[in-house]
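Data first, discussion second: the structure below is written as structure tokens.
What follows is calculated from the coordinates using simple rules that are stated; it is not laboratory data. Everything numeric here is computed off the predicted structure, so don't read it as measured data. Cβ atoms come from the backbone with ideal geometry, glycine included; neighbour counts cover every protein chain shown.
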């Protein structure tokens, strides 16, 4: 019942503020841990289906990748470092029409043994080829990861665009841990 209330509240929150894209939490993966996830994402008037994964490289350090399908393909990857307990910094890049660099600072708050609320600051530096300009959208991501079965979690995300260059996105899906 408690999980149902949390999920319902989060879905209400997600549809009210719409925006996200980090597909990650404030924790890094343990060495040797592999994740695979699937997450439909809605942004503006568009839809993209993301496949994402990660690999724990060493203690406090992991590598993540994501591919967005449906229409133009999104390809991205990042490196994530633990900078404190339940806090991480990731840097990476992506290609989606234009090339971009990504940076995200995340923290999470445990809600018991199998659920985490996360938030932080997310930004891209997008090199707009058509105009030779640089765009720097910023978001405040907010998300909830809930363990629904051993080594399977439900990841729900939203974010709040905090400048005019950011767009609205929200999504949710399953993550499998190996």
*Separation between the residue 114 and residue 33 pseudo-spin-labels, each 7 Å from Cα along Cα→Cβ, expressed in nm?*
1.6
*Mind checking the full-extension length gain between residue 135 and residue 69? Use 0.36 nm per residue of separation minus the Cα-Cα distance, one decimal, nm.*
21.5 nm
_Given a 10 angstrom Cα cut-off, can you work out which residue in 115, 38, 130 is the most mobile in a GNM of the chain?_
130
*Virtual spin-label span in nm between residue 59 and residue 96, 7 Å along Cα→Cβ*: 3.5
*Can you give the angle from 0 to 90° between the axis of helix 2-17 and the longest principal axis of the chain, with both taken from C-alpha atoms, to the nearest 10?*
10
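Would you work out the Kirkwood radius for the chain? I mean one over the mean of 1/r across all pairs of different Cα atoms, in Å.
Working: mean 1/r = 0.0615 Å⁻¹.
Taking every pair of different Cα atoms in the chain, averaging 1/r and inverting gives 16.3 Å.
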*Taking the Cα centre of each part, how many Å lie between region 117-169 and region 36-91?*
10
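Calculate for the chain the 222 nm mean residue ellipticity that helices alone would give, adding -39,500 (n - 2.57) per DSSP H run of length 4 or more and normalising by residue count, nearest 500 deg cm²/dmol.
Values: 1 runs with 16 residues, N = 178.
Taken over the chain, the calculation gives -3000 deg cm²/dmol.
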